[in-house]
Every structure is written in structure tokens, then in C-alpha cells.
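Reading through the C-alpha cells given below for one structure.
Where a number appears in this text, it was derived from the coordinates with a stated rule and is not lab data. The structure presented is a predicted model; accordingly, all values stated were derived computationally and were not measured. In this analysis, Cβ positions are derived from the backbone assuming ideal geometry, glycine residues included, and neighbour counts consider all displayed protein chains.
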Number of protein chains: 4
Amino acid sequence: MKRLPAYINDLEAWKASFHFFQPVKVRFSETDAFGHVNNTKVFVYFEEGRIALFEKIGIMKEWAARDSDAMIVTADLHCDYIRQITFGEALQVGVKVEKLGHSSMELHYLVVNEQEEICLTGRGTMVQVNKKTERSLPWNEKMKALFQPYLT
Amino acid sequence: MKRLPAYINDLEAWKASFHFFQPVKVRFSETDAFGHVNNTKVFVYFEEGRIALFEKIGIMKEWAARDSDAMIVTADLHCDYIRQITFGEALQVGVKVEKLGHSSMELHYLVVNEQEEICLTGRGTMVQVNKKTERSLPWNEKMKALFQPYLT
Amino acid sequence: MKRLPAYINDLEAWKASFHFFQPVKVRFSETDAFGHVNNTKVFVYFEEGRIALFEKIGIMKEWAARDSDAMIVTADLHCDYIRQITFGEALQVGVKVEKLGHSSMELHYLVVNEQEEICLTGRGTMVQVNKKTERSLPWNEKMKALFQPYLT
Amino acid sequence: MKRLPAYINDLEAWKASFHFFQPVKVRFSETDAFGHVNNTKVFVYFEEGRIALFEKIGIMKEWAARDSDAMIVTADLHCDYIRQITFGEALQVGVKVEKLGHSSMELHYLVVNEQEEICLTGRGTMVQVNKKTERSLPWNEKMKALFQPYLT
């Protein structure tokens with residue numbers, strides 16, 4: 001990495017702060033005619049990692065339930081493409097909760113290959129909203145407690 | 001085509017029976033590392049053509065509405081890959097209603113390129129179901145009347 | 001299943017003939033606004049299962065290599081949708097080599113959920129072709145030997 | 001928009017600086033179980049708009065050609081999600097070349113719906129690289145001239 005993205009101060013410290021990793025195997029249908037993973041597919045890896053973390057935290061079922069009032073939406077998303085990814089690679093998608101706001105959270109992403117080389121870094125903000133009004137919905141105390149152990 | 005698929009009796013007559021075509025431009029993200037459109041993406045073209053037909057018939061809005069009781073699901077789907085498709089090709093996706101059942105319909109698909117060469121042929125059955133019970137929901141008279149002009 | 005697809009004679013015997021299964025977890029981005037896995041995404045599961053089998057057989061690397069003369073393309077593909085699939089389900093994608101032709105092979109697919117309920121069944125033909133001429137390329141003796149243990 | 005993203009100084013001036021728009025119709029398979037376009041799919045719209053611009057400029061064919069030495073890869077990509085997008089919406093994907101570097105370019109994106117409401121804004125860096133070495137490849141004079149009329 002020639003130049004660090006704005007959301008990383010110290011690369012080694014940043015890498016060391018990831019404690020949750022979701023394994024993802026690159027599918028052939030995710031490559032494109034240039035022979036690598038298409039730029040649009042990496043956000044599927046981010047989503048896969050993020051949701052795996054939400055499941056581990058125990059918060060995903062509530063959002064995915066049909067009769068739930070709340071859902072989680074993406075406010076912004078950023079990816080830095082460090083190294084080309086090819087078909088068949090076994091990736092580890094690291095996700096961490098960087099900050100917990102009133103009804104939002106900032107997540108960081110780190111995707112490494114089997115040689116532990118950084119392929120992707122990223123960040124993004126998720127917001128909890130009311131399914132009907134689509135207005136932001138503050139975290140309740142139970143949710144805050146669930147996230148606490150995963151905050152860096 | 002060396003051998004005709006089972007759902008085509010006479011290729012020229014079959015081709016001539018398509019009257020609805022939806023233009024679709026091939027996206028780069030739909031190609032794979034073999035340099036052509038990935039086999040899984042052609043069903044997106046079928047869906048795009050099918051839904052465009054449903055919209056023209058005036059039946060799609062009802063299914064897509066959040067408070068609708070009915071939705072339309074895929075019962076089976078078949079594709080014959082006749083000619084490789086590459087990035088940037090301007091396709092025409094032909095769709096026709098082959099048969100109207102009690103709560104189902106059989107659709108046929110024909111995808112041609114700008115040189116009017118056949119790239120894909122296909123068929124599939126769609127079923128109208130109740131959103132909650134997920135049981136089949138018979139066509140009402142209004143719907144049958146809407147489909148009538150599109151039956152071959 | 002009310003009526004068996006044409007490629008299944010005896011359902012129990014057919015199910016019992018699958019010996020290779022690839023686990024696949026359903027991603028949120030694979031659902032659609034009807035709340036289930038979108039019909040177009042199941043072919044990604046078929047591809048995932050098929051390629052995992054090719055990898056186990058030891059034949060995929062050769063096709064995926066940039067300097068290889070051969071690649072494998074889809075000639076036809078069929079899916080029967082038996083049961084709706086929802087986000088988060090842990091699927092098993094069964095794949096078997098039904099028949100080995102001169103330069104082609106017929107594959108069968110069986111997708112079950114954690115309760116071992118059948119969600120999808122399918123079949124399709126793959127053809128080995130020359131990357132440059134795109135004409136069919138017969139299996140060599142080494143390849144035939146590799147496939148032998150996986151033929152039903 | 002409560003707060004402007006860092007890459008926008010004056011929203012009205014920024015909006016007025018887009019002169020190239022690519023129409024994109026939202027597909028049903030791009031929605032997810034929350035009922036809106038899935039967060040990962042918006043980057044397909046960005047790619048569609050970007051490539052349409054490259055085609056208009058006359059530079060895409062060269063990159064997509066099998067025997068070309070050069071290809072274009074994504075260095076980073078950012079999206080701000082302003083307004084939920086639903087099935088069937090007819091979007092306009094605006095793309096502009098914000099800056100032309102030595103071998104890179106910064107692109108800005110603006111996606112509006114039929115009511116000209118902003119749905120998405122974004123930015124990203126593309127780099128021209130050598131297909132074999134994957135090292136950056138400086139723009140030649142012909143390319144610079146092609147881009148000139150599209151620089152803001």
C-alpha cells in the first residue's frame with residue numbers, strides 16, 4: 001500500500017485490532033472477463049462478513065424477521081482495492097465495530113488471502129431504521145450491551 | 001443448433017411466434033474469467049424479459065405491491081446455451097406465454113443478438129401463490145383477460 | 001413434489017445416488033423483495049457445487065489456468081424449484097456425474113436444507129471446448145480416468 | 001442530505017457539473033428481502049455508467065479486446081446511499097471525470113430517480129494497468145486527448 005486510506009492511522013495496529021473473521025471462498029461467477037474478481041463483488045464479501053458478525057452478536061435474526069419493526073441499511077460504503085483476487089482463493093473477511101452512534105455504527109473491513117496478504121480494506125456506516133417510516137431508530141440498551149464486547 | 005430442445009417443434013415457426021422483445025445490454029460484471037457471459041447470468045435476462053412483459057400486460061405492479069396478497073414464483077426454468085455472449089452485446093429477449101394453467105403459466109424465451117443469431121432459448125413455469133400461505137392462487141377472470149392477447 | 005421431473009425415475013434411489021455434497025450458506029444479497037432467494041441465484045449454487053466437484057476430481061485448475069487450451073462451458077441447465085429458500089439457510093448442494101459423453105458430461109443436482117428437505121433439483125450438460133476455436137474438445141484418457149469414480 | 005460527503009463542496013454546483021448520464025432500469029433480482037435495491041448492487045450501476053462513458057469516449061473497446069496489453073482496474077470506490085431505490089425505478093447514472101492523473105483518473109457518480117431526487121452519490125479511482133505485469137500504465141497522448149472534453 002503506497003498510501004494509507006484516511007480511515008487507517010497505523011496499518012499494523014489497525015490489522016491487529018480485528019478479532020472477527022469470516023471465511024469466504026471466491027466463486028467463479030464473481031470473476032469477470034479481466035480474469036479477476038469483479039470490483040462490484042467485493043461488497044458482497046463485506047456484507048457476508050458484516051452479517052456473520054451480526055449473527056454472532058445475536059442481532060441479525062431480529063432484523064431479518066418479517067414482523068420486525070427494525071431493519072439495518074447502508075449509509076455509506078468504501079473499498080480500497082489493494083491486490084487482485086482470483087477464482088478459488090480462500091479469503092478471510094475481517095469486520096470490526098469502530099464506533100457506535102445513536103442509531104448508527106461505523107464498521108471497518110479487512111480482507112486477506114491465504115498468504116495473509118491484504119487484498120481489500122474498507123469502511124462503512126450502517127443505520128438502524130424503522131421498516132415502515134424508514135426513519136432512524138436509536139439502539140436500545142439491550143443492543144448496546146450486545147455490541148459492547150465487539151467495539152475496538 | 002444441432003438438435004432442437006424438446007419444447008421446440010419447428011424452429012422457424014417457433015421463432016416467428018414471439019411478438020414481445022425486451023432489449024438488454026450485456027454488462028461487464030456479467031462476464032466471467034472465461035471471457036463470456038457467465039452461465040448463471042442468463043436467467044437475469046429471462047427475468048428482465050418476463051417482468052417487462054408482465055409490466056406491459058399490466059400485472060406486475062399488483063405482484064410487486066407490498067400489501068398485495070399474491071406473488072409470482074418460479075416453478076421450473078430451463079436454458080439452452082446456443083452461442084456465447086460477450087460484453088457489450090445488445091440482446092433482444094423474446095418472451096411469450098405458451099400456456100395458461102389454473103394458477104400457473106408456461107413461458108418460452110428466445111434471446112438473439114444484433115445479427116439476429118440465436119444465443120439462448122428457454123422455457124419455464126411461473127405460479128401465482130398467496131404471499132402468506134405460499135399455496136397456489138388461481139388466476140381470476142380479470143387476469144385471464146389480461147393475458148389473453150399474449151397467448152400464442 | 002407432486003410430479004417428478006423427467007430426469008428422475010425413482011426419487012429415493014435418485015437421492016441415494018448422490019455422494020458428493022458442497023455446503024453453501026445463503027447470502028442476504030441473494031434474496032429478493034419477495035423475501036426468498038431469487039430464482040436466478042440458484043444457478044450460482046449449482047456452479048459452486050459443480051466446481052467444487054471438479055476441484056475434488058482434480059480437473060478444475062487446468063480449465064481455470066490462463067494458458068490452458070481447454071475450458072468448460074454450459075450447454076444446457078434446468079432447475080426445479082421445490083421449496084422456497086430463505087436468508088441464512090445452510091444448504092447442501094449435491095452434484096453427480098450422470099453420464100460421460102465424447103466431450104460432454106451430464107450432471108445432476110440436488111439441493112437440500114438443514115432438515116434434509118429437498119429445495120431444488122436440477123440437471124445440465126457441460127461441454128469441454130477449445131478456448132480459441134470454441135469447438136468441442138474430446139476428453140482424453142487421463143480425464144476419463146479422473147471422472148470414473150464419480151460416475152453413477 | 002444532512003451532511004455533504006467530503007468529495008462535494010457545493011451540492012448544486014456539483015450536480016450541474018454532470019453532463020453524461022446513462023439510463024439504468026432497476027431489476028427485480030437487484031432487490032433484497034428488505035424490499036429495496038441491495039447495497040452491493042449500486043456498484044453495478046456505477047460500472048454500467050462508467051463503461052457507457054468509456055464507450056462514448058471511444059476507449060472501452062481497446063481495454064475489452066482480448067489481445068490488448070492494457071486494462072482498467074478499480075483502485076477505490078465509495079458510495080453514499082441517500083435514498084432507498086425500489087424495483088422498477090428508472091434511474092439516470094451520471095458520471096464525470098474529475099481528475100486525470102499519470103495513469104489514473106478520479107470519477108464522480110450521481111444517481112437520480114425519475115423525480116430527479118438524488119439516490120446515490122459516489123466517487124472512485126480507476127487505474128490503467130498492463131494486463132500481464134499488472135503494473136500501472138501511463139495514459140498516452142491519444143488517450144489524454146480523448147478524455148479532455150469530459151474533464152470538468
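What is the average number of partner chain Cβ atoms found within 10 Å of a Cβ in B:23-29?
The per-residue average across the peptide is 6.
If I build a Gaussian network model for chain D, linking alpha-carbon pairs within less than 10 angstrom, which residue out of D:Arg27, D:Arg66, D:Arg83 has the largest mean-square fluctuation?
With Cα springs under 10 Å in chain D, the top fluctuation among D:Arg27, D:Arg66, D:Arg83 is at D:Arg66.
At 7 angstrom along the Cα-to-beta-carbon line, where would the label on D:Phe147 sit relative to the other copies? Give the distances in nm, shortest first.
3.9, 4.8, 5.4
Shielding of C:77-83 by partners, i.e. mean partner chain Cβ atoms within 10 Å per residue?
Neighbouring Cβ atoms belonging to other protein chains average 6 per residue here.
Which of rounded, prolate or oblate describes the protein assembly as shown when judged by the alpha-carbon gyration tensor and an a/c cut-off of 1.5?
Judged from the Cα gyration tensor, the protein assembly as shown comes out rounded (a/c under 1.5).
Given the DSSP H assignment, sum -39500 (n - 2.57) over each helix run of at least 4 residues in the protein assembly as shown and divide by its residue total; what's the result at 222 nm in deg cm²/dmol, nearest 500?
-6000 deg cm²/dmol
With a cut-off of 8 Å between alpha carbons and a minimum separation of six or more residues, what is the relative contact order of the stretch A:11-150 in percent?
After rounding, I find 27 percent.
About the Cα centre of the stretch A:11-150, what is the dipole size in debye to 20, counting +1 per Lys and Arg Cβ and -1 per Asp and Glu Cβ, all else neutral?
With only Lys, Arg, Asp and Glu charged at Cβ, the dipole is about 420 debye.
Could you pull the copy-to-copy label distances for D:Gln84, with points set 7 Å along Cα to Cβ, in nm to one decimal and sorted shortest first?
Values, ascending and in nm: 1.9, 4.0, 4.3.
Using the Karplus curve 6.51 cos²θ - 1.76 cosθ + 1.60 with θ = phi - 60°, work out ³J(HN,Hα) for each residue of the stretch C:3-19 in order, rounded to whole Hz, and write x for Gly and Pro.
9, 6, x, 4, 8, 10, 8, 10, 4, 5, 5, 5, 4, 5, 8, 8, 10
With a ≥ b ≥ c taken as the square roots of the eigenvalues of the C-alpha gyration tensor of the stretch A:108-152, please select rounded if a/c is under 1.5 and otherwise prolate if a/b is larger than b/c or oblate if it is not?
Verdict is oblate for the stretch A:108-152.
Grab the residue from chain D whose Cβ hugs the D-to-A rotation axis most tightly, plus its distance in whole angstrom.
Residue nearest the D-to-A axis, with distance in whole Å: D:His78, 2.
I need A:Ser104, A:Ser136 ordered by Cβ neighbour count within 10 Å, fewest first.
A:Ser136, A:Ser104
Checking the cross-link filter: which lysines have an alpha carbon closer than 28 Å to that of A:Lys15, excluding same-chain neighbours under 8 positions apart?
Hits, sequence-local ones excluded: A:Lys2, A:Lys25, A:Lys41, A:Lys56, A:Lys96, A:Lys99, A:Lys144, C:Lys25, D:Lys41.
I'd like the orientation of helix B:42-57 relative to chain B: the angle between its Cα long axis and the longest Cα principal axis, in ° from 0 to 90, rounded to 10.
Helix B:42-57 sits at roughly 40 degrees to that axis.
Anyone know which of B:Phe43, B:Phe18, B:Phe28 comes out most mobile in the 10 Å Cα GNM of chain B?
Looking only at B:Phe43, B:Phe18, B:Phe28, the largest GNM fluctuation is found for B:Phe28.
Mind checking C:45-52 for the average number of partner chain beta-carbons within 10 Å of each residue's beta-carbon?
3
First check a/c for the stretch A:1-43, with a ≥ b ≥ c the square roots of the eigenvalues of its C-alpha gyration tensor; if it is under 1.5, answer rounded, and if not, answer prolate when a/b is larger than b/c or oblate otherwise.
The shape class here is oblate.
Measuring label to label, 7 Å along Cα→Cβ, what does C:Lys132 give against each other copy in nm, shortest first?
1.6, 6.4, 6.6
Using the Cα atoms of the stretch D:11-145, I'd like the radius of gyration and the largest Cα-Cα distance, Dmax, both in angstrom.
Considering the stretch D:11-145 through its Cα atoms, Rg and Dmax are 15.8, 48 Å.
Using θ = phi - 60° and the Karplus relation 6.51 cos²θ - 1.76 cosθ + 1.60, list the HN-Hα couplings for the stretch A:83-90 in order, rounded to whole Hz, with x at every Gly or Pro.
Listing the rounded values in order: 9, 4, 10, 10, 3, x, 5, 9 Hz.
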